[in-house]
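The values are calculated or read from the model by the stated rules, or taken from the named source; none is laboratory data. It should be emphasised that the depicted structure is a prediction, and the values quoted were computed from it without experimental measurement. Methodologically, a virtual Cβ is constructed for each residue, glycine included, from the backbone with ideal geometry; neighbour enumeration extends over all protein chains shown. Surface areas here come from the heavy atoms of the whole protein model, side chains and all, with no ligands, DNA or RNA. Shrake-Rupley method; radii C 1.70, N 1.55, O 1.52, S 1.80 Å.
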4 protein chains.
Amino acid sequence: MKAIVKTSAGPGAELTTVDMPSPGPREVLIQVTATSICGTDLHIYRWDPWAAGRIKPPLIFGHELAGEVVDIGEDVASVAVGEFVSAETHVVCGVCHQCRSGQKHICQNVSIIGVDRPGSFAEYIVVPETNVWKNPSDMPAEVACVQEPFGNAVHTALSTELVAKKVLITGCGPIGLMAIGIAKAAGAEQVIATEVVPYRIQLAQAMGADVVLNPKETDVRREISTRTGDTGVDVLLEMSGNPSAIREGFAALRCGGYAALLGIPAEPLQMDLANAVIFKGATVYGVTGRLIWKTWYQTSALLGSGAVDVEPVITHRFSLEHFEQGMALMDKGQSGKVVLFP
Amino acid sequence: MKAIVKTSAGPGAELTTVDMPSPGPREVLIQVTATSICGTDLHIYRWDPWAAGRIKPPLIFGHELAGEVVDIGEDVASVAVGEFVSAETHVVCGVCHQCRSGQKHICQNVSIIGVDRPGSFAEYIVVPETNVWKNPSDMPAEVACVQEPFGNAVHTALSTELVAKKVLITGCGPIGLMAIGIAKAAGAEQVIATEVVPYRIQLAQAMGADVVLNPKETDVRREISTRTGDTGVDVLLEMSGNPSAIREGFAALRCGGYAALLGIPAEPLQMDLANAVIFKGATVYGVTGRLIWKTWYQTSALLGSGAVDVEPVITHRFSLEHFEQGMALMDKGQSGKVVLFP
Amino acid sequence: MKAIVKTSAGPGAELTTVDMPSPGPREVLIQVTATSICGTDLHIYRWDPWAAGRIKPPLIFGHELAGEVVDIGEDVASVAVGEFVSAETHVVCGVCHQCRSGQKHICQNVSIIGVDRPGSFAEYIVVPETNVWKNPSDMPAEVACVQEPFGNAVHTALSTELVAKKVLITGCGPIGLMAIGIAKAAGAEQVIATEVVPYRIQLAQAMGADVVLNPKETDVRREISTRTGDTGVDVLLEMSGNPSAIREGFAALRCGGYAALLGIPAEPLQMDLANAVIFKGATVYGVTGRLIWKTWYQTSALLGSGAVDVEPVITHRFSLEHFEQGMALMDKGQSGKVVLFP
Amino acid sequence: MKAIVKTSAGPGAELTTVDMPSPGPREVLIQVTATSICGTDLHIYRWDPWAAGRIKPPLIFGHELAGEVVDIGEDVASVAVGEFVSAETHVVCGVCHQCRSGQKHICQNVSIIGVDRPGSFAEYIVVPETNVWKNPSDMPAEVACVQEPFGNAVHTALSTELVAKKVLITGCGPIGLMAIGIAKAAGAEQVIATEVVPYRIQLAQAMGADVVLNPKETDVRREISTRTGDTGVDVLLEMSGNPSAIREGFAALRCGGYAALLGIPAEPLQMDLANAVIFKGATVYGVTGRLIWKTWYQTSALLGSGAVDVEPVITHRFSLEHFEQGMALMDKGQSGKVVLFP
């Protein structure tokens, strides 16, 4: 089968032909019909320090997927051939403290699809039965495959109550864009987004942000103060990992507010904990992955009921062969979500 | 000034002329520009057993109001003459256990406007400074005055997370109708309402219910089972106080679901606690009044941002003189909210 | 092997000899070293209407157990021969909505050990790997086996915050007695228990209740009012299922209080929902089983750290052969927990 | 009357004679019988940068107090002459967003006793009626006056569930010491404390810590890992404000854990947000003041029921005249709480 493989420890990747995988007793084989590119995939492609420390080539990468089940292992009971499915990326151990107490998303022995085991940038993929999520048959494949990053946005945005709240979303990459739509659907009174790339600013407006502020052009702190009656926003959803955005986000948060952090800072940063968190009486939550399966139920409901239309975020579509065009667009910030069709 | 007064212990009320009230040191005088009729007012008008036990005539009743501040007491610091305001109906003691621990809405020494002290069916009313809520100047008076019952709907609906949830609302009187709009605004996946009066069924559809079921014509339990994949609804918002609706509501609730009860049963009822609550692992919350002031902030945000349009619920408008027409319409269930203009 | 078997549809049970079970691929075989009698077992023994409707003889019953793993199926990875274990009684499907969203304790396809499948009143039992809980090697077998009902008490008592709260526990059967110890360990300001059987009243005192009231001798409502400064208790833990205790419990609950219901009323009862729940602004939670595995972690910590000493609740010990003596004692209310040793 | 006054902008303070204050219409006059020294008082005494920026001499400082009401203003209704009381230090505005939505402890217009208005290091003090907390008549004055800092510990410790949890407390100043007692009373499975000063290590043991680790002598991270089965602690209560303690505390926190931060870092610090919070899926809460009045009810219950004995923390007692001895001891870390008796 065709697959995009990180063949050696260095930048780049190759579209090549590899052996078809076959499912073990509790696994299923999925024919991939759509698979989208995550920022993590770009890190692997570029071979940044994180990738160099974690990835063991050769590896098929990619982990956001939708497809059809074409074979199942002998012990599989809950999934059938022919079903239209997506997959949770975190393959969890089921027995650590976290797994056994409602926090599978931070399993201490996690194996990640496309990072620690073969991924979805391929015609076929094998995943454990326990990681399969069934999609409605009328969901477009490209929507089905972006449920995974949409789930990151859901986990972040719905980790607190948003209805009737003033919400700031810092960073309008694909997940930030999705969070805008989710916050609006959840009844946020005001959704303020910040972003510096004009292409993404337009997408943020298309997703329904009440206002998009460009920190390069606007005094964000003062503008937010004005728009919130000098009080600040109730909720910060941090999607950039950028130190300056993090600090400005906390500065804009009202006393007693809530911040969910999804963006990953590349390195430790200077934090004024006293003023950003302590005197403010703020609550901060670190977001990893998706709540298994609460987040998927929410994702399915938001997309299925039409409460959120994710299509504006899906800006580019390529065949698997042209994956490098997608990588290049993402690298320049000139895309929302890029979907590959094997 | 003109006022509607319950002059004696029995059915009916009179529009009459009474002395203008004047504000004490910490009170404000409001010129009432709109005041709407609550079910409680109908109980007082009809003089049902509850009213006979609680009301001490003569009494100006009515408590849902909007108006302009025309005078303030000497110690009033936070409200100014000329401001456009509404009022929280519960005048609380501030010193009981509940008041001192975040539960003012169930103050143990509450005095209720229009029940225990003079109400708003009049040209002027005096309320404590601490009960005043300031409205945006561009809010229509009829919307401003229905914020009080809208707040009951907000307190009920937002007492749990509704986003991506399947919600059943039993009973489409004015507060049930408002709850439909609120649940949709809060991102509910499905809003199912039940109601028997055709006039109200139409209003429920206008407020955005995904479906309105008439228990006289439909097997509600089976229909909900079908619409929820045999699982049941995640959330029940009980707005009727009707024993049959309460039982059917619990029967339709999924295991692990949540029920908020606002409707007041007229008398004790037979409950199958084992199956309705215990085996179900359900959570039940009893709703009284509005959270002070959390509910008002939410109300203001939902109405101010346009997330909910309450106008369809406001079906009738009369001058104070014609209040009896409003009472008659409400008595027959042929109205949403009825607003009086002094 | 020896086992207590409900051989036919009617009262009683027989100690008899049956074939040894053998574990399937994902199951483990446990040699039972201690197994205690639950109220459910007494229902099965007596053959009450519930048992007649649910149990299919022949059946080995019993489900509270501790023992040593003596064999494992070929796919078992997380449990080893020789380990000292207990078992969660609810064998869950893992794929229903509840299982997939953190509510396994109310799985829609549950199979219960000793009710729907062979139980622990035997020398050996087979349970799924996923139901095994590992015990510290120095935990007495009789304590290890009562962790299951202790878990019911933990689930009930710790479903809300108890620290610095006034707590009422209605009903001092074994689970109510355990709840007394748990509430004290969790920092309750006052633990008030109610019970009518003198034997149990003494046990309640031994478990640390600040006061035990006998409703046959005391005006419980007035006494609680006095002891709580006329406010009422913050928390009701209902352990009896008795209609009168339920009603008195709600009457003693303060406005804004919390009630967890574990006791199962035998039939529907008259509830004054308006005064018991709605005007009170109360929250009510129905308790079934144990949170999997949160409750077991809590149980293990409370017993392991010595925060709760459950020994006073374990009042009788018999060999399996003398199980009928245990049933008789429980029937008369003249016991705490009765443990059988196969 | 006698009072300790910061007379000029610089180090030190003077015991001097000033005019008696008299209460306004809604204020009460308290004869101070005990007043304890807070770290804040030491900052004011030393005249550190924070004090230089905030304090306007001349000022009577001090804010932890107990005493008897000796006069009340004409509008005071809820407090009577002769009552034994303490006071909440934060005088709040009552009308800001925070005050009106259950977050008075972070009022945007707060005035702090002994910082922004005359304090309690005096024979008499005037406080608003709304800040008075009534004590049981049999509570020792020295205990009654340390309820204020005890409330900081309560707010921090009880901001999450501690029962059956492993808890790390970093820093054993008076509030950290109190938190040890509170965590034990709340049913924590293990309370691990860290501290470098031997005097405080002994006090931490006296307050019931299961173990006290000295970071100067022990590899705290490894030791905690060993004591928690390689999982880490469930809860971090950060009481030191020390950058190294904060970082080590987060390192010791388990994935999915909870951290409450009360200690104030003197300046911004380097934080590895990715590993400390985000990948960890941690929740962080910043603590300021006491929840008004929830924290006071909890404080009263914990001390009144005997669940926590705070006496070991009260290590020194002086007359007002000898306040400088108390300041000196605190400066050297050779004290728990120091109480002054006017």
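With both bridge residues required to lie in the protein assembly as shown, what share of the DSSP beta bridges run antiparallel, to the nearest 5%? The partial results should precede the final answer.
Details: 132 of 240 bridges.
In the protein assembly as shown, DSSP labels about 55 percent of beta bridges as antiparallel.
Answer with one residue from B:Pro268, B:Val339, B:Asn242: the one whose Cα lies farthest towards the positive end of the charge dipole of the range B:210-342, charges on Cβ with Lys, Arg +1 and Asp, Glu -1.
The one lying farthest along the dipole's positive direction is B:Pro268.
With unit charges on the beta carbons (Lys and Arg positive, Asp and Glu negative) and the dipole taken about the Cα centre of chain B, which residue among B:Leu291, B:Ala188, B:Val110 sits farthest to the positive side?
B:Ala188
Through the Karplus equation 6.51 cos²θ - 1.76 cosθ + 1.60, θ set to phi - 60°, convert the phi angles of the range B:241-257 into ³J(HN,Hα) values in whole Hz; use x for Gly and Pro.
x, 7, x, 5, 5, 4, 5, 5, x, 5, 5, 7, 6, 6, 4, x, x
What average number of partner chain Cβ atoms lie no more than 10 Å from the Cβ of the residues making up B:291-297?
4
How much of the pair distance distribution for the range D:145-222 lies past 15 Å, counting alpha-carbon pairs only, in percent?
Values: 1482 of 3003 pairs.
Tail of the P(r) past 15 Å holds 49 percent of the pairs.
Over chain C, with a Gaussian network built from C-alpha contacts below 10 Å, which listed residue (C:Gly289, C:Gly53, C:Gly151) shows the highest mean-square fluctuation?
Of C:Gly289, C:Gly53, C:Gly151, the Gaussian network model singles out C:Gly53 as fluctuating most.
Per residue of D:154-165, how many C-beta atoms from partner chains lie within 10 Å of its own C-beta, taken as a mean? Please list the in-between numbers first.
Numbers: counts 2, 1, 0, 1, 4, 1, 1, 7, 4, 15, 18, 3.
For this peptide, the per-residue mean of nearby foreign Cβ atoms is 5.
In whole angstrom, how far apart do the alpha carbon centroids of the range D:190-219 and the range C:156-213 sit?
When both Cα centres are located, 33 Å separates them.
Mean 1/r over all different Cα pairs, inverted: what Kirkwood radius does the range D:123-172 give, in Å?
About 13.8 Å, per the Kirkwood formula over Cα pairs.
Across the Cα atoms of chain A, what radius of gyration and what greatest pairwise Cα-Cα distance (Dmax) are found, in Å?
20.0, 62
Given a 1.4 Å probe and every protein chain left where it sits, what share in percent of the accessible area of the range A:1-156 is carbon and sulfur?
51
Placing the label point 7 Å from Cα along the Cα-to-Cβ direction, what are the distances from C:Ala9 to the equivalent spots in the other copies, shortest first, in nm to one decimal?
6.2, 7.1, 9.3
For the range C:163-279, state the semi-axes of the equivalent ellipsoid (square roots of 5 times the eigenvalues of the alpha-carbon gyration tensor), sorted largest first and rounded to whole angstrom.
20, 17, 13
About the Cα centre of the range B:85-195, how large is the charge dipole given +1 on each Lys and Arg Cβ and -1 on each Asp and Glu Cβ? Please answer in debye to the nearest 20.
For this selection, approximately 360 debye.
Rg to Rh ratio, the range B:213-325, alpha-carbon atoms and Kirkwood radius?
Working: Rg = 17.6 Å, Rh = 16.8 Å.
Rg/Rh for the range B:213-325 comes to 1.05.
Which value results when the Cα radius of gyration for the range D:92-202 is divided by 2.2 N^0.38 Å?
Scaled against compact globular proteins, the figure is 1.28.
Counting alpha carbon pairs within less than 8 Å and at least 6 residues apart, what relative contact order, in whole percent, applies to the range C:188-249?
Over the range C:188-249, the number comes to 24 percent.
Give, as a single signed number, the net charge of other residues whose beta carbon lies under 13 Å from the beta carbon of C:Gln31, with Lys and Arg counted +1 and Asp and Glu -1.
-3
For the range C:24-152, what is the percent of antiparallel DSSP beta bridges, rounded to the nearest 5?
If we restrict to bridges inside the range C:24-152, about 95 percent are antiparallel.
When DSSP assigns beta bridges and you keep just the ones with both residues in chain C, what percent turn out antiparallel, to the nearest 5?
Taking every DSSP beta bridge within chain C, about 55 percent pair in antiparallel fashion.
Sequence neighbours fewer than 8 away in the same chain don't count; with that in mind, list the aspartates and glutamates whose C-alpha is under 13 Å from B:Lys332.
The qualifying aspartates and glutamates are B:Glu324.
Taking 8 Å as the Cα distance limit and 6 or more residues as the minimum spacing, I'd like the relative contact order of the range B:24-170 as a percentage.
32
Could you run the Karplus curve 6.51 cos²θ - 1.76 cosθ + 1.60 with θ = phi - 60° over the range C:212-221 and give me ³J(HN,Hα) per residue in whole Hz, x for Gly and Pro?
With the stated coefficients, the range C:212-221 comes to 10, 9, 9, x, 6, 10, 10, 7, 4, 4 Hz.
So if I take the centroid of the Cα atoms in the range A:285-307 and the same for the range B:1-42, what is the distance between those two points in Å?
With the range A:285-307 and the range B:1-42 each reduced to a Cα centre, they are spaced 50 Å.
Could you state the orientation-averaged shadow area of the convex hull built on the Cα atoms of the protein assembly as shown, in nm² to one decimal?
The orientation-averaged projected area of the Cα hull of the protein assembly as shown comes to 50.3 nm².
Local charge sum around B:Gln108 (other residues, Cβ-Cβ under 10 Å, Lys/Arg +1, Asp/Glu -1)?
Once positives and negatives cancel, what remains is 0.
Between copies, how close do the A:Gly39 label points come, placed 7 Å along Cα→Cβ, listed in nm from shortest?
Sorted ascending, the copy-to-copy spacings read 3.5, 5.0, 5.3 nm.
Relative contact order for chain B: what percent, with Cα pairs under 8 Å and sequence separation of 6 or more?
Computed value for chain B: 18 percent relative contact order.
With solvent modelled as a 1.4 Å probe, how much accessible area in total do chains B and C shield from it at their shared surface, in Å² to the nearest 100?
Numbers: alone 14590 and 14590 Å², together 26280 Å².
Using a 1.4 Å probe, the pair buries roughly 2900 Å².
Per residue, how much accessible area does the protein assembly as shown show when a 1.4 Å probe rolls over the protein heavy atoms, in square angstrom?
35
Hey, can you grab everything whose amide H is under 5 Å from the amide H of B:Leu213? Only 5+ residues off in sequence or another chain; H modelled, so Pro and N-termini drop out.
Amide H to amide H, under 5 Å and 5 or more residues apart or across chains, B:Leu213 pairs with B:Ala193, B:Thr194, B:Glu195.
Count, for each residue of A:262-269, the Cβ atoms from other chains sitting within 10 Å of its Cβ, then give me the mean as a whole number. Write out the running numbers ahead of the final one.
Details: counts 1, 3, 5, 6, 1, 4, 9, 6.
Taking all residues of A:262-269 together, the mean is 4.
In 10 Å bins starting at 0, how do the alpha-carbon pair distances of the range D:1-97 split up by percent?
14, 38, 34, 13, 0
Which entries of A:Lys294/B:Lys280; B:Lys294/D:Lys165; C:Lys166/C:Lys280; A:Lys165/D:Lys104 show an alpha-carbon separation above 26 angstrom in the structure shown?
B:Lys294/D:Lys165
At 25 °C and a viscosity of 0.890 mPa s, what translational diffusion coefficient does Stokes-Einstein give for the range B:219-273, taking Rh as the Kirkwood radius over Cα pairs? Give it in µm²/s as a whole number.
213
Summing -39500 (n - 2.57) over the DSSP H runs of n ≥ 4 in chain A and dividing by its residue number, what mean residue ellipticity at 222 nm do you reach, to the nearest 500 deg cm²/dmol?
Working: 10 runs with 90 residues, N = 342.
Taken over chain A, the calculation gives -7500 deg cm²/dmol.
Report, ordered by chain and residue number, the lysines lying within cross-link reach of D:Lys56, taken as a straight Cα distance under 16 Å and ignoring same-chain residues fewer than 8 apart.
Candidates past the 8-residue exclusion: D:Lys6.
Just the number: Rg to Rh for the range D:63-152, Cα atoms, Kirkwood Rh, two decimals.
0.96
Can you give the longest run of chain B that contains no GluC sites (Glu not before Pro) sitting in a DSSP loop with at most 11 other Cβ atoms inside 10 Å?
B:75-216
If you wrap the range D:201-241's Cα atoms in a convex hull and average its projection over all directions, what's the area in nm²?
If I average the Cα hull's projected area over directions, I get 3.4 nm².
Nm distances between the label at B:Asp230 and the same-position labels in the remaining copies, 7 Å along Cα→Cβ, shortest first?
4.2, 5.6, 6.0
Using only Cα atoms, tell me the angle between helix B:174-185 and the longest principal axis of chain B; keep it within 0 to 90° and round to the nearest 10.
It is inclined by approximately 60 degrees.
B:Leu59: net charge of surrounding residues, Cβ under 12 Å, Lys/Arg +1, Asp/Glu -1, itself excluded?
Every neighbour counted, the sum reads +1.
Using the Karplus curve 6.51 cos²θ - 1.76 cosθ + 1.60 with θ = phi - 60°, work out ³J(HN,Hα) for each residue of the range D:123-129 in order, rounded to whole Hz, and write x for Gly and Pro.
Karplus values, whole Hz, x for Gly and Pro: 6, 9, 9, 9, 10, x, 3.
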